[in-house]
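The values are calculated or read from the model by the stated rules, or taken from the named source; none is laboratory data. Note that the structure is predicted; figures quoted are calculated from it, not measured. Virtual Cβ from ideal backbone geometry, glycine too; neighbours counted across all protein chains shown.
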Amino acid sequence: MKRLVILSYQTLPMDVVASYRTKAYCDHLATFGIYPIIITHRWEMDERGKWKYHDDDDVVVEETARYKIIRLPRKMPQTTFRWRAGTTMAAFLRGDLEPELKASCQTFRTFLLSYLEEEKVDALLAIFNPHFPMKIAEEIRRRFGIPYLADFRDLWDNQVVTKSYQPTNKKKLIDAIIRYWWKRWIGNAEFFTTTCNIWLQFLEQLSGKKGYVVRNGFEEEYSMESVPERTPEFVVTHFGSLYAVHNHTVFVEGYKKFLQIVGRGPVLEIIGNKGKYGVDPSRILADLPSYAWRSTPYMSKRELYEHCRSQTSVFWMPGFLEDNGQVPVKVYDYLLLKKNILLAPSCGSDLESIVTGTGAGVVCDTAEEVCRQLERWYLSYRSNGGIGYEGNSDAIQRYARRHQVRIMAEAIHTHFA
């Protein structure tokens, strides 16, 4: 069995989307002949609910027959990094693209240099973001001759692939420096992976390296054996944050027209929107009557799935103002939950092909189309007790985490024979 060291800054119990990609490697790589060794932080909460900094040097190891997780202390930075032109530029030119994470970078690097003196591994996997795992992986390659691959959940700025991207002169300079390092780090890797086709093409052109699409996907352990067709209300659900790069207008205007036709009854539910990063739903839904929508607090994944299983009739998936390649992880959650998806508007991307290619939903490009589709579903709900679902199980199964990890494993075996 091949031994693969994975450098992953975000890992459970840090409950963020990125952590579940690493979890998938732990859950499934061993099935395909690869033993993952995760290097990460301890991620422990303090009494205020903040992530701890550690005064000790204790390393916590979790080991099973399928994976090993090595958790390193998270050290308080010796000095607070200040974003000033001179110091920031000096850090960027050294490839320290998150200088505020210098302490983490040093902790990972010091541990790994010592660890590899004693342990034999076949390859490294550096997960972006942040950047420092790629910088460390390149150094390990030079020192030990251990090959690496780079795994990209995002670009450094997803808007760089859009036609309308117009950076300031300062941003142009930052982009140029980051492009230099990415070209170097990917160029010295055996191959790279990313989560959508637009980013694959962009990174292949940037680096000249072969890449593969390894999507995120859904966790099969949350699968529901049965999904009730009838729900207490006709509820259109969106969970997770709403962002400024989304086109909310097409759906909201269509939903408003729909309400004018059917009156009181349907409800739009926004679950777990994080105002710090996203758009406040009360701002984009200000013209809707108060009875027609509600905001529900964040829930754990299992609670969220159980809630949607019994309460949701339709999922709303906003399209993007401009196609930047993103495939929000929530689309895989929606597939898992076996409820119809309304994507509005079309954004011509992988997201659209996932929704339509699985038969799990429809795409509406105008407010009128949104209104008509919601009206059809609502009339079916009122007449028949449900709205029906035509998702193709085989097509949906391709987006399970296990299937996506298989793609990664096959690439590893091809390149690291």
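Against the criterion of being charged (D, E, K, R), part of a loop (DSSP other than H, G, I, E, B) and under 27 Å from residue 158 (Cβ atoms), residue 323 qualifies. With the condition kept exactly as written, say whether any residue in segment 318-326 is over 14 Å from the mean Cα position of the chain (by Cα), among the hydrophobic types (A, V, I, L, M, F, W, C) and not assigned by TED's automatic domain parsing to the domain that holds residue 198. Yes - at least one qualifying residue is present in segment 318-326.
Table: residues versus (1) closer than 18 Å to residue 374 by Cβ; (2) more than 25 Å from the chain's Cα centre (by Cα); (3) at pLDDT 95 or above; (4) basic (Lys, Arg).
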{"site": "214", "(1), (2), (3), (4)": "no, no, yes, no"}
{"site": "221", "(1), (2), (3), (4)": "no, no, no, no"}
{"site": "227", "(1), (2), (3), (4)": "no, yes, no, no"}
{"site": "236", "(1), (2), (3), (4)": "yes, no, yes, no"}
{"site": "240", "(1), (2), (3), (4)": "no, no, no, no"}
{"site": "246", "(1), (2), (3), (4)": "no, no, no, no"}
{"site": "253", "(1), (2), (3), (4)": "yes, yes, yes, no"}
{"site": "261", "(1), (2), (3), (4)": "yes, yes, yes, no"}
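Of 290, 295, 282, all but one fail to be touching a strand residue (DSSP E or B) at 6+ places or on another chain (Cβ under 6 Å) and among the small types (Gly, Ala, Ser); the exception is 295.
Being crowded, with 18+ Cβ neighbours inside 10 Å and at pLDDT 95 or above holds for only one residue in 176, 123, and it is 123.
Taking each residue of segment 329-348 that is at positive phi and looking for partners that are among the charged types (D, E, K, R) with beta-carbon atoms closer than 8 Å, six or more apart or interchain, yields 348/323. Scanning segment 28-41 turns up at least one residue that is more than 24 Å from residue 138 (Cα to Cα), among the hydrophobic types (A, V, I, L, M, F, W, C) and touching a residue at least 60 places away in the same chain (Cβ under 8 Å). For segment 174-186, the criterion of being over 26 Å from residue 245 (Cβ atoms), of a type in the set (A, V, I, L, M) and assigned to a helix (DSSP H, G or I) is met by none of the residues. Under the condition of being surrounded by 22 or more Cβ atoms within 10 Å (Cβ to Cβ) and either touching a Cys at 6+ places or on another chain (Cβ under 7 Å) or under 22 Å from residue 106 (Cα atoms) (or both), the residues counted in segment 4-30 number 8.
Would you mind stating whether residue 205 is in a helix (DSSP H, G or I), assigned by TED's automatic domain parsing to the domain that holds residue 410, more than 17 Å from residue 123 (Cα to Cα) and touching a helix residue (DSSP H, G or I) at 6+ places or on another chain (Cβ under 9 Å)? No; evaluated as a whole, the condition is false for this residue. In segment 17-50, the residue that is farthest from residue 72 (Cα to Cα) out of those that are modelled with pLDDT of 95 or more and assigned to a strand (DSSP E or B) is 34. All told, residue 241 falls short of being in the same structural domain as residue 376 (by TED's automatic domain parsing), of a type in the set (Gly, Ala, Ser) and surrounded by fewer than 17 Cβ atoms within 10 Å (Cβ to Cβ). Within segment 109-160, being small (Gly, Ala, Ser) and over 25 Å from residue 213 (Cβ atoms) holds for 114, 145. Being charged (D, E, K, R), buried (at least 21 other Cβ atoms within 10 Å of the Cβ) and in a loop (DSSP other than H, G, I, E, B) is a description that applies to residue 215.
Every condition in (1) without any contact (Cβ under 8 Å) to a residue 60 or more places away in the chain; (2) loosely packed, with under 14 Cβ neighbours inside 10 Å; (3) closer than 27 Å to residue 329 by Cα is met by residue 164 except one, and the failing one is (1).
Residue by residue, here is whether (1) out of contact with any Asp or Glu (no Cβ under 6 Å at 6 or more places or on another chain); (2) farther than 16 Å from residue 252 by Cα; (3) modelled with pLDDT of 95 or more holds:
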residue	(1), (2), (3)
320	yes, no, no
323	yes, yes, no
342	yes, no, yes
360	yes, yes, yes
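If you go through segment 370-388 and keep only what is in contact with a helix residue (DSSP H, G or I) (Cβ under 7 Å, 6 or more places away or on another chain) and surrounded by 18 or more Cβ atoms within 10 Å (Cβ to Cβ), you end up with 370, 371, 374, 378, 387. Among the residues of segment 274-310, those identified as free of Cβ contacts under 8 Å to residues at least 24 places away in the same chain, farther than 22 Å from residue 264 by Cα and in a helix (DSSP H, G or I) are 303, 306.
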